[in-house]
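Single-structure report; data block below.
Since every read-out is calculated from the coordinates, none of them should be taken as a lab result. Everything numeric in this text was worked out from a predicted model, so none of it was measured. Don't worry about glycine lacking a Cβ; one is built from the backbone with ideal geometry, like all the others, and counts go over all protein chains shown.
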Amino acid sequence: MLEIKNLHARVAESGVEIIRGLNLTVKDGEVAAIMGPNGSGKSTLSYVLAGRPDYEVTEGEILYNGESILEMDPAERAATGVFLAFQYPMEIPGVATMEFLKVAMNAQRKARGEDPLSIPDLLKRVKQAAGELDMDMGMLKRPLNVGFSGGEKKRAEILQMKLLEPKLCVLDETDSGLDIDALKIVADGVNQLRSPDRSIVVITHYQRLLDYIVPDAVHVLYKGQVIKSGDKSLAYELEENGYAGIIEEAA
């Protein structure tokens, strides 16, 4: 699904290199957790995958289903099935959440050569997905993320993910700011999307989230490189012992 080879990336404005020779493979149907201390490049990796323009790739490859996505803009990447859930979802005043969902879903359908959804079909799909996330439909009449709690913002993003049905889901610290009840609901929504033809990259600081979204693989990122990979037991090791030992071992 995803293969990253010797990736180097920097902040476009300052030229500061954040990703420094990163190699990573995520298989079809795999849930891969990316962990690491602050400043290790986790969020930068998510932005580079999504094609955020204020980051520049200076070397290496990002292959998605065997094809390079480096020349694609964010909209093209989204149309091919790449989805990024932000750590801090953006507020969009004046745009109702339901209207945003309609535009996003129909843009994806247009890119695939499909007809736009009828209003009844759209409402049916949204109502079903919102119900699975314990979301009040009244919330969808409000401007996107404006005045939403942290939990509501994350549920809104998981709702988008459920409706858009991407093939590569990148969750950037989706547990940030969630209480335990909201965390369980968001995790349930992610787990419902697990399938053999969909891969999920979960970026997190803490093992707590991985109690609910159990990963197939765990990768430790430090100074822009993957320095250790393992199964879910690696997350428990990090929770118990921290990163110092693994960083020292990789030095």
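A compact table of results
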{"quantity": "For segment 2-250, with +1 on Lys and Arg beta carbons and -1 on Asp and Glu, the positive-most of 138, 185, 9 along the dipole", "calculated": "138"}
{"quantity": "Hits among lysines - C-alpha to C-alpha of residue 223 under 18 Å, sequence gap 8 or more where chains match", "calculated": "5, 42"}
{"quantity": "Within straight-line cross-link reach of residue 102, lysines at Cα separation under 30 Å, skipping those fewer than 8 residues along the same chain", "calculated": "110, 124, 127, 141, 153, 154, 162, 167, 184"}
{"quantity": "Fraction of beta bridges assigned by DSSP in the chain that are antiparallel (%, nearest 5)", "calculated": "60 percent"}
{"quantity": "Net charge of Cβ neighbours under 11 Å - reference residue 21; Lys, Arg +1; Asp, Glu -1", "calculated": "+1"}
{"quantity": "Cα-centre dipole for the chain with unit charges at Cβ (Lys and Arg positive, Asp and Glu negative), debye to 20", "calculated": "640 debye"}
{"quantity": "Computed label-point distance, nm, for sites residue 28 and residue 214 using a 7 Å Cα→Cβ extension", "calculated": "2.4 nm"}
{"quantity": "Computed [θ] at 222 nm, deg cm²/dmol, the chain (DSSP H ≥ 4; -39,500 (n - 2.57); rounded to nearest 500)", "calculated": "-11000 deg cm²/dmol"}
{"quantity": "For the chain, with +1 on Lys and Arg beta carbons and -1 on Asp and Glu, the positive-most of 118, 96, 225 along the dipole", "calculated": "118"}
{"quantity": "Burial ordering of 30, 132, fewest other beta-carbon atoms within 10 Å first", "calculated": "132, 30"}
{"quantity": "Computed magnitude of the charge dipole of segment 123-251 (debye, nearest 20; Cβ of K, R +1, Cβ of D, E -1)", "calculated": "800 debye"}
{"quantity": "Unit charges at the beta carbon, dipole of the chain: most positive-side option, 160, 72, 36", "calculated": "160"}
{"quantity": "Helical segments meeting 15 Å axial Cα length and Kyte-Doolittle -1.0 threshold in the chain (DSSP H)", "calculated": "97-111, 119-132, 150-164, 180-192"}
{"quantity": "Candidates 128, 160, 207, ranked by Gaussian network fluctuation over the chain, Cα under 10 Å, top entry", "calculated": "128"}
{"quantity": "For segment 178-251: Kirkwood Rh in Å [reciprocal of mean 1/r, alpha carbons]", "calculated": "13.5 Å"}
